[in-house]
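What follows is a single structure, written as structure tokens, with notes after it.
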Amino acid sequence: MQKRKTVLDILTMKKTGEKITMLTAYDAAMASLLASADVDMLLVGDSLGMVVLGYDSTVPVTMDEMIHHASAVRRGAPGAFVVADLPFGSYQTGIRDALINGSRFLKEAGCDAVKLEGGLEVCDTVAALVRAGISVMGHIGLTPQTATQLGGYKVQGRDLQSAKKMVAEALALEKAGAFAIVMECIPDELGRIISEEIAVPTIGIGAGVHCDGQVLVVNDLLGMFEKFIPSFVKSYCKLAPTIKEAVAEYNREVRSGAFPDKKHSFSSESNLRELLGLS
């Protein structure tokens, strides 16, 4: 079993220039595989709403659904550093709700940290969570929970005003106590500037190579989610066609009687019919 990383380990990786890897995980089986491949952090993302639960966005995802999947990830990867997304509505309603729901991830699911979206407007919430002993990862740039307010799933921070605002948000989140910040869909140069300006690690997703680490949705990385593939995603293999081909072959063999064959069946006494008193 791998030694579970701590927040201090993640912070040290930035100081030493060691790149950080993070991938989403939604169940025990995948979490176990990713942990055995030495991924630094597992993110139980509210992206599970789209890639697992079939929702059109992350907004419908509930705390109970997140706890359910985060608990499975922890069971599958007991030695992994696990971060869980606070879903929409679980922290926007006030600091008290944020503390209750953040605590649930630690107490009920065994998570190491939580992640929440937003900039200046969530800094008081971040500070309150950290004071309560809950490690927090920030998330700026494209924030999927409020994508409609941002004009859809578009690159953020391209003009001077929004770029300045994003730098200010990163600095404010760091001051509030966030131990790391995800930056999604921003220009690579802005990703470099923010990564150089703050002391905590930046985790990029569509934010360029200069971030301190990278995160991807594992279903995208493995080529399993075919509805929509963002331009910044690299699929390292194409499992969807392979899965479909395997299922098609299974269908053919079952329907033709080729499966199960003798190798995949169990034998019994040759006179079993007679012993059972059947003609």
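The values are calculated or read from the model by the stated rules, or taken from the named source; none is laboratory data. All values reported here derive from a predicted model rather than from experimental measurement. Reconstructed Cβ throughout: ideal geometry from the backbone, glycine too, with neighbour counts over all protein chains shown.
Going by the conditions given, is VAL247 β-branched (Val, Ile, Thr), out of contact with any Ser or Thr (no Cβ under 8 Å at 6 or more places or on another chain) and in the same structural domain as VAL155 (by TED's automatic domain parsing)? The answer is no for VAL247. When we screen LEU48, LEU42 for residues that are buried (at least 24 other Cβ atoms within 10 Å of the Cβ), under 22 Å from ILE20 (Cβ atoms), in the same structural domain as ILE100 (by TED's automatic domain parsing) and touching a His at 6+ places or on another chain (Cβ under 6 Å), the only hit is LEU48. Within segment 62-76, being more than 14 Å from the chain's Cα centre (by Cα) and over 25 Å from THR146 (Cβ atoms) holds for ARG75, GLY76. Of all residues in segment 177-226, which are over 17 Å from the mean Cα position of the chain (by Cα) and without any contact (Cβ under 8 Å) to a residue 24 or more places away in the chain? The answer is ASP188, GLU189, GLY191, ARG192, SER195, GLU196, GLY208, VAL209, HIS210, GLU226. Residue count for segment 259-279 satisfying the condition of being surrounded by 11 or more Cβ atoms within 10 Å (Cβ to Cβ) and either outside any helix (DSSP H, G or I) or of a type in the set (Ser, Thr, Tyr) (or both): 2. GLU274 passes every criterion in (1) farther than 30 Å from CYS185 by Cα; (2) at pLDDT 85 or above apart from (2). Might you check whether a residue that is in the same structural domain as SER195 (by TED's automatic domain parsing), surrounded by 23 or more Cβ atoms within 10 Å (Cβ to Cβ) and at pLDDT below 95 occurs anywhere in segment 146-159? Yes, the conditions are met somewhere in segment 146-159. From the list SER71, SER57, SER32, SER90, the lone residue that is in contact with a helix residue (DSSP H, G or I) (Cβ under 7 Å, 6 or more places away or on another chain) and at pLDDT below 95 is SER57. Beta carbons closer than 6 Å, at least 6 apart along the sequence or on distinct chains, pair a first residue in segment 79-98 that is assigned by TED's automatic domain parsing to the domain that holds ALA29 and closer than 13 Å to THR62 by Cβ with a second that is in a strand (DSSP E or B) and not hydrophobic (A, V, I, L, M, F, W, C) for ASP85/LYS115.
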